[in-house]
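In what follows, a structure is listed as structure tokens, so that the remarks can point back to it.
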Amino acid sequence: MDRVSRLFVSQSTIATMEMQITKKGRQRRISMQFWSLDESDILLRIRSPQEDAGTAILKVGNEIWYYLPKANRTVKIRPSMMMSSWMGSNFTLNDLVKQSRLTNDYTVATSFEGQRDGVAVSEYTLTPKPTAAVVWGKITLEVRQSDRMPVWQRYYDEDGKLVRELSFSEYKTASGRLIPTQLTMQSMGKAGKKVEKTTVTYEKIIFDRPISKVIFSPRNLKP
Amino acid sequence: MGILLLVKIGWRNLWRNPRGTLLTALALGLGLTLLLVSLGLLDGSQQQMVANAVRFGTGDVVIQAQGYQDRASLELLLPAGAVSKSQEYLHTEVLKHVVQGMSPRLLASGLLSSAANASGVNLMGVIPREERTVSLIPQRIVEGKYLNDNQQSGVVIGAELASKLAVKVGSKVVLMTQEVSPPRTEAPDAGGGEMQSTLLRVSGIFRTGVQAIDAHVIQLPLPEAQALLGVPGRVTQVAVLLEREEDSLRVAQGLRKQFMGVPVEILPWRESMPGVAQLFLLDEAFNYVMNGVVLAMVGLGILNTILMRVLERRYEFGLCSALGLRPVQLAVMIIGESLALTTISLVLGLVLGLSAQHYFATAGLDLRWFFKSSLPTALVFDPIIYSRLSLTRIVSSVGIVFLTATVISFYPAYKAARTALPGALKVF
Amino acid sequence: MNGRLLRLAWRNLWRNPRRTLITMAAIGFGYAMLLFVACLMAGLRHQMIESGTGLVLSDVEVHAPGYYPERPVDQTLGGPDGTDVNALVAAIAANPRVQAASPRVYGYGLVSATHQSAGVELLGVVPDQEQKITVLQTRMVKGSYLTGRMPKGVVMGDKLAATIGAKVGSEIVLLAPAADGSTGNDLYTVAGLFHTGLDAMDRGLVLMPLASLQELLRLPPEGIHEVGIKLHDDDITAATTAAAALDTQLSKTLKVQVRAWPELAPELADYVQFNHRVTFILFFIFFLLAAMGIVNTMLMAIIERTRELGMLMAVGMRPVQVVGLIVAEAASLAGASLVLGAAIGAPLLWYLQVHGLNLGGNRGAVSLGGVVVGPLWHGQQDLTAYAQAAVGLAVIALVSALYPALRAARFRPTEALRKI
């Protein structure tokens, strides 16, 4: 179980990714570069589209800065901004930069083992521990039995309604690890209708290459 | 003839026409009644307005860290021990009947999330039984229940917030805040402590009618808030509610003496909530105008009644003169009559007025009677006005009516004394 | 018969001019006072409404369906393609109830000057049109209001400027989620600071040119969120009716939701209703006093005229006619009093409306629940109230006269004639 949540965690990560947001029939594509160090410092730089190119977000410890290219200014942001949808996507900044250990907050039970669509999978049901600071009623997770790769993760509220679903695909090896390089978060509206979708695709991802701490400084945000 | 005899005659004159006299007395007395009732209601509604505003805010007197009024910074907490010190002082025998309640609170801001949504909130860590004596939020619960003292964890949120987050009583919400760290002078907006998240279940939902409160304010148990913010035993302010807001200044001064040398600011509500203070002044001015109008109306009523009563008796006075009564004596008799009448009326008026006032003081005047509005709004203030009448007001009202009636009766007395005899004796 | 009765009644009144005049004076003055109060209260109501809606809110707002209250940035009038703004505004302004209309764009985001950033609401307006519907431009304390000459000039509350460390002329950054989901950001200059006395505005509002905000939020020139409207008559019922009328008018060509201020600012509506009620209480007091006065007067009159009435009945006047006579007298008395009262009241009303009543001049403005009220109270003609008072008085007069009238009707002619 821990393996699943630790899929993307490492001493350091460098990645190039593309995010595609589909909302109300419109699509947006954002391509960015990502550095992280020690699970606490994170730097994101947006490469495209034009309007947003050059925007950078830096998180060091508990502080967050935004670099705005058009204004050529660095602005400090309150951490509470981390919980609202980032760039209009279905991921919050929190989702992108913070990985919680699922076992800390949930009790895991196996709810299904067998074949689905010709693939041998295990399904786990995660129930939040009584004091865990999570909003979900339960989370279900399907994992491939062969390589323990996650297939999907479903988030339910306390009334049992499905609120969002995270699906994994495009499994590739990077720096010796097998990871899903495509993650899609689909949020459900009222009456279970699919509403918005965001897909993050890792074009390139490198783990554990040494990164200098210098790049994680607000002064260095300006290109 | 001696004055006493004149007065006696005056008194008996009254009773020659008991029905007329009583009717006049009633008319006069009703004037006083109306005055008392309207004054009571106007005063009462004004005090209620202040009380309401004060109870939605920081109370009649507030104790907070120095500089908080200006900067409202989260790090400005009361020094440790401030709460117990104020408790000691406020619970003394002397102040037992002056203080209605005091509530220590920890204030901070954070983010409240549900499965469906998230929103910035202003949180208040409170002690339920103390908060009940000060704030109106515990009385405006529309779903679920307010926090109770045995609860270690729980939260009450406003109706608008509940709807935005799509939660109901019992739902899970997560509160995320930043630990408070003491302000550092070199980098005043640097860092802050660790981010803390905690799970809470909605105990109750309130509706105050004030949008800013219903959409952003949440209350949770004080110890829980203190743990979340990393400041065990500390609070931001102590809000004090008094039985009468007139004592605010006095209590504030008393508290200041207790806290000499300690960096706190102790403010009566007019200083901590200047907006409300100004509204109060405006309302006061408005009341003056209203009082003036009611007084004028009552005065006119008195004028009408007395003049009518006296001016009609020219025939009778003519007769008196013809029988040998000197003008001065006639005047005295008339005035004596008026005085007697006025006294009866005042007694009547007082009895009626005070009982009506008592009724409105206990049962209140329910404005909803008059509300034909179909607006689906929650009233910000209590629709029931309770009358509050001070002794000063009663005395001054009685005095005014008495004076007015007496002064008015001088005119006919004067006229009667100068009336030509022959004309007055003409019949029909 | 009625005509003769009335003339007789009228003449009877004047047989004792002093008594009649005194009572008329009392009731007349009372009515004048009532007019005074009604006028003052109407003025106060109007001022409350003006200050509640005159700064930003406006009397009526037109939105795309579902826009209010969450205000999602991408939900513009006319859908994603927007609408012909000028045509829409013109169509609204053509409605006879509308005084002026102005297009608006809203956003929310962060403003930052040196270090501190603050969450703010952004409002984009066309200065010339906006000034016709709101009065924020009169609350400037430093610098100047928006002008067409400074497309990147913004105006903000003085408290906000203090919080983020900005002054007139400072450069600030605005960061806001745009309509397409990206993060709009750009540099602007502080052109001026305003002070409204309302914390929510002084700490949380940034006003800027409409076109600039559209650019920041990646909205096309046809994309606006709202049309703000100022009405000629903004009292609660008038505003709600106007909103309904506009909804019908506009719905023919565009999907809209039109809301009047009582819906947008329910607290304000409560205060205004309260104001109405207080006026009502005063009416009640006046009616009571008037009733007393009339009963008193009439009773005295019939007691005095016992002989006369007895004689009338002896020569054939039926009891019903006697009742009619007394009631007619009361009605004439009331009528004459009303006329007197109106005559006295008129100059008072004029004075109130033109000069106003000044209470405590330098206390400054007051704010609570989004309402700012100044110490100078202007009156406003409230014809409904005046009429209601007059009608009420007439009714009271008739009712009060019944008791004396019935008593008179019970006179037995022989007994009456024996009295002096």
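The values are calculated or read from the model by the stated rules, or taken from the named source; none is laboratory data. Since we're looking at a predicted model, the values are computed, not measured. Note that each Cβ is placed from the backbone with ideal geometry, even for glycine, and that neighbours are counted across all protein chains shown.
Structure above, values below:
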{"quantity": "Filtered residue count, the stretch A:171-212, keeping only those that are within 20 Å of A:Thr55 (Cα to Cα) and modelled with pLDDT under 85", "calculated": "0"}
{"quantity": "Residue in the stretch C:253-268 that is touching a residue at least 40 places away in the same chain (Cβ under 8 Å) and within 8 Å of another protein chain (Cβ to nearest Cβ) present", "calculated": "yes"}
{"quantity": "Residue, nearest to C:Ala401 (Cα to Cα), within the stretch C:235-289, restricted to residues that are out of contact with any strand residue (DSSP E or B) (no Cβ under 8 Å at 6 or more places or on another chain) and not in a helix (DSSP H, G or I)", "calculated": "C:Asp235"}
{"quantity": "Of all residues making up the stretch C:293-305, the number that are crowded, with 24+ Cβ neighbours inside 10 Å, among the aliphatic types (A, V, I, L, M) and closer than 18 Å to C:Ala394 by Cβ", "calculated": "2"}
{"quantity": "Residues of the stretch C:49-63 that turn out to be crowded, with 23+ Cβ neighbours inside 10 Å and over 12 Å from C:Tyr106 (Cβ atoms), as a count", "calculated": "8"}
{"quantity": "Residue that is modelled with the lowest pLDDT, among those in the stretch C:236-252 that are crowded, with 20+ Cβ neighbours inside 10 Å and within 14 Å of chain B (Cβ to nearest Cβ)", "calculated": "C:Ala239"}
{"quantity": "Checklist (1) polar (S, T, N, Q); (2) at the interface with chain C (Cβ under 8 Å from one of its Cβ atoms); (3) within 22 Å of B:Phe360 (Cβ to Cβ) applied to B:Thr24, failing item", "calculated": "(3)"}
{"quantity": "Output for the stretch C:213-234, where each listed residue is in contact with a Lys or Arg (Cβ under 9 Å, 6 or more places away or on another chain), under 22 Å from C:Gln75 (Cα atoms) and in a loop (DSSP other than H, G, I, E, B)", "calculated": "C:Ile224, C:His225"}
{"quantity": "Residue tally, condition under 21 Å from C:Thr189 (Cβ atoms) and more than 10 Å from chain C (Cβ to nearest Cβ), over the stretch A:55-76", "calculated": "0"}
{"quantity": "Qualifying residue in the stretch A:77-95 (condition: more than 16 Å from A:Ile46 (Cβ to Cβ), more than 14 Å from chain C (Cβ to nearest Cβ) and at pLDDT 80 or above)", "calculated": "no"}
{"quantity": "Residues of the stretch C:290-315 classified as free of Cβ contacts under 8 Å to residues at least 40 places away in the same chain, more than 10 Å from chain B (Cβ to nearest Cβ) and part of a helix (DSSP H, G or I), total", "calculated": "1"}
{"quantity": "Count - residues of the stretch B:354-374 that are surrounded by 14 or more Cβ atoms within 10 Å (Cβ to Cβ) and either modelled with pLDDT under 80 or part of a loop (DSSP other than H, G, I, E, B) (or both)", "calculated": "6"}
{"quantity": "The stretch C:49-96: number of residues that are among the aliphatic types (A, V, I, L, M) and not in a loop (DSSP other than H, G, I, E, B)", "calculated": "11"}
{"quantity": "Hits in the stretch A:158-184 (condition: in a loop (DSSP other than H, G, I, E, B), more than 14 Å from chain B (Cβ to nearest Cβ) and either hydrophobic (A, V, I, L, M, F, W, C) or more than 25 Å from A:Ala15 (Cα to Cα) (or both))", "calculated": "none"}
{"quantity": "Subset of the stretch C:65-113 [touching a Ser or Thr at 6+ places or on another chain (Cβ under 7 Å) and without any contact (Cβ under 8 Å) to a residue 40 or more places away in the chain]", "calculated": "none"}
{"quantity": "In the stretch C:120-149, residue farthest from C:Ala90 (Cα to Cα) [restricted to those that are assigned to a loop (DSSP other than H, G, I, E, B) and touching a Ser or Thr at 6+ places or on another chain (Cβ under 7 Å)]", "calculated": "C:Thr134"}
{"quantity": "Filtered residue count, the stretch A:105-141, keeping only those that are within 14 Å of chain B (Cβ to nearest Cβ) and not in a loop (DSSP other than H, G, I, E, B)", "calculated": "6"}
{"quantity": "Count of the stretch C:290-348 residues which are at pLDDT 80 or above and either basic (Lys, Arg) or touching a strand residue (DSSP E or B) at 6+ places or on another chain (Cβ under 8 Å) (or both)", "calculated": "1"}
{"quantity": "Sole residue being under 30 Å from B:Gln196 (Cβ atoms) and free of Cβ contacts under 8 Å to residues at least 40 places away in the same chain, chosen from B:Pro263, B:Pro232", "calculated": "B:Pro232"}
{"quantity": "Filter result (surrounded by fewer than 18 Cβ atoms within 10 Å (Cβ to Cβ) and in contact with a strand residue (DSSP E or B) (Cβ under 9 Å, 6 or more places away or on another chain)) within the stretch A:16-30", "calculated": "A:Thr16, A:Glu18, A:Gln20, A:Lys24, A:Gln27, A:Arg29"}
{"quantity": "Selected residue (criterion: farthest from the other protein chains (Cβ to nearest Cβ)) from residues of the stretch B:27-67 that are under 23 Å from B:Phe286 (Cβ atoms) and not in a helix (DSSP H, G or I)", "calculated": "B:Asp60"}
{"quantity": "Leading residue by the ranking (nearest to A:Ser187 (Cα to Cα)) among those in the stretch A:142-157 that are more than 14 Å from chain B (Cβ to nearest Cβ) and outside any strand (DSSP E or B)", "calculated": "A:Met149"}
